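Trainee: Quick one: structure below, then a few questions.
The values are calculated or read from the model by the stated rules, or taken from the named source; none is laboratory data. Treat the numbers as computed from the prediction; the structure is a model and nothing was measured. Note: ideal-geometry Cβ built from the backbone for every residue, glycine included; neighbour counts use all protein chains shown. Surface accessibility is based on the protein's heavy atoms, side chains included, excluding ligands, DNA and RNA. Shrake-Rupley method; radii C 1.70, N 1.55, O 1.52, S 1.80 Å.
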Amino acid sequence: MNVHKEMKSGQSSRVWGRHSSFTLAGLVLTTLFFWSWENNPLLTSLLSAQEQFIMRTPDFFMEESADSSALLNPREQLLEADSEDKLDDKIVEHSAVESVNLISTEEKDENGASEKQACNYAKGRWVADSRRPLYSGFGCKQWLSDMWACRLTQRTDFSYEGYRWQPSNCAMPEFQGAQFFTRMQDKTIAFIGDSLGRQQFQSLLCMATGGEDKPEFENMDKKYGLTKPRGAIRPDGWAYRFPHTNTTILYYWSASLCGIEPINITNPTTEYAMHLDRPPAFLKHFLPEFDVVILNTGHHWNRGKLRANRWVMHANGKPVTDRKLAEMGNAKNYTLYSIARWIDSQISLRPKLKVFLRTLSPRHFSNGDWDTGGSCNNLSPLLKGSEVFEDKSSDPVVEGAVRGTKVNILDITALSELRDEGHISRYSIKASDGVNDCLHWCLPGIPDTWNELLYAQI
């Protein structure tokens, strides 16, 4: 009996020893893994931007600021989970959805029964269409900036104008200015974002008026405080009201979608606090008057732009000291998640409000950047292909930011990526300085399609 007990005890000791060894080895491997993760950017880059953002979230989200304009902790609000287990379950549940906030359409099966399908406007193909463009690049001078009107430049190839986007599994209504104004009667549509948002704003004005030279309209700049700041090249934005339907279309420049305020108002050369967790003051103030809002950001998130604007990152009312949050990618992602959660809270108060977060407009510089000789010389349409096959967005950060909210995604990245010939290219007004514009688009052009997608969803 004693021998049996000793044998049993010895076996237990050996099993326990093996378990201890495995446990110790596991701890060592885990420690090495996370150490290498933290120090190996290649390993981190293998994750999607959304996954990187969620992983790093606990390191730099702070408690809610006492200031009511600061956003609640987006990590805590993410899918409004009550516990960490529920949060993980909901992330998995929502990640399984192939596309975010899609419009459902009804189709008939072979037996005539009605069945609903998710309508993904971003999945489809470009097709030639002799009815394009929807307005003249010569005739829309009232709304269209000369620097974007490629018909007024030395460019001679305009084949990029003759295509329309056809989604794979849903019908795209034909854009008609009269119907647009009827649909938007007594409503205000606001574009808030960078210069690509301004392009979309000008495109919509041309599309809605058909490029008519002098339609009846009223300037509403004063109502919205859209003035030209001292020393600025252009105003903060523009607003126009069309009295026959009482429709207002406006644009406000907010390149970062952050709340920006001077740190020292008495100092003319002061720096500006760039509040990553606060919406732009303009949006916060005028949102109750808006019916449709289109937000975008992305291309101003670089050190050069921040230095030029004298912006200093703030979060929770204080300068950002966390190095991870201060990284450009993380700061942008934090802002996108923050504004999506804030807007979602406002939609709950105004159920008829429709908000779209537009995905990133792709650049097509090759052999350098805008200031290092980069160019986009291709003039032949669809050399990169004509079709988008993926269900998921090519902008996973925006897709992740709107997931679980009532904010819609305006997904234009992949379909625009195929149209590298549609940029202003070497016909830019700065071309004499050797600068190619492979960021902005010729108008009429690709931003018209963005507005067709918008029109289909409002």
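Trainee: What number comes out for accessible area per residue over the stretch 180-245 if the probe is 1.4 Å? Units Å², please.
Mentor: 46 Å²
Trainee: Same structure again: Could you sort His244, His299 by their accessible area in this structure, using a 1.4 Å probe and putting the largest first?
Mentor: His244, His299
Trainee: May I ask you to list the GluC sites (Glu not before Pro) in the stretch 179-230 that are in a DSSP loop and have at most 11 other Cβ atoms within 10 Å of their Cβ?
Mentor: Qualifying residues, ordered by number: Glu216.
Trainee: Show me the ranking of peptides 277-286, 300-309 by mean Cβ neighbours inside 10 Å, starting with the highest.
Mentor: 277-286, 300-309
Trainee: Using +1 at the Cβ of each Lys and Arg and -1 at the Cβ of each Asp and Glu in the stretch 310-458, identify which of Trp450, Val407, Asn436 lies farthest towards the dipole's positive end.
Mentor: Positive-end residue among those listed: Val407.
Trainee: Tell me the label-point distance for the pair Ser345, Asn367, using the 7 Å Cα-to-Cβ offset, in nm and rounded to one decimal.
Mentor: Each label point is offset 7 Å from its Cα along the Cβ direction, giving 5.1 nm.
Trainee: Could you list log10 I(q)/I(0) for the stretch 298-384 at q = 0.12, 0.24 Å⁻¹, which the Debye formula gives when each Cα is one point scatterer?
Mentor: -0.61, -1.23
Trainee: Relative contact order of the stretch 215-328: what whole-number percent is it, with Cα pairs under 8 angstrom and at least 6 residues apart?
Mentor: 19 percent
Trainee: When the convex hull of the C-alpha atoms of the stretch 166-324 is computed, what volume per residue in Å³ does it have?
Mentor: 168 Å³
Trainee: Another question, if that's okay. Grab the other residues whose beta carbon is less than 11 angstrom from that of His364, score K and R as +1, D and E as -1, and report the net.
Mentor: Charge balance in the 11 Å sphere: -1.
Trainee: Please report, for the Cα atoms of the stretch 331-458, the Rg to one decimal and the Dmax as a whole number; what are they, in angstrom?
Mentor: So, for the stretch 331-458, Rg and Dmax equal 17.0, 51 Å respectively.
Trainee: Then there is this: Could you give the length gained by full extension between Asn309 and Thr266, i.e. 0.36 nm per residue of separation minus their alpha carbon distance, to one decimal place?
Mentor: Working it through step by step, the gained length comes to 13.8 nm.
Trainee: Taking a probe of 1.4 Å, how large is the accessible area per residue of the stretch 270-417, in Å²?
Mentor: Per residue, the stretch 270-417 has 41 Å² of solvent-accessible surface.
Trainee: How much net charge surrounds Ala273 when only other residues with a Cβ under 11 Å from its Cβ are counted (Lys, Arg +1; Asp, Glu -1)?
Mentor: Once positives and negatives cancel, what remains is +1.
Trainee: Can you give the accessible area of Lys384, probe radius 1.4 Å, in Å² rounded to 10?
Mentor: 100 Å²
Trainee: Let me ask you something else. I'd like the chymotrypsin sites (Phe, Trp or Tyr not before Pro) in the stretch 305-407 restricted to DSSP loop residues with at most 13 other Cβ atoms within 10 Å, sorted by number.
Mentor: When the chymotrypsin sites (Phe, Trp or Tyr not before Pro) of the stretch 305-407 are filtered for loop state and at most 13 Cβ neighbours within 10 Å, Phe389 remain.
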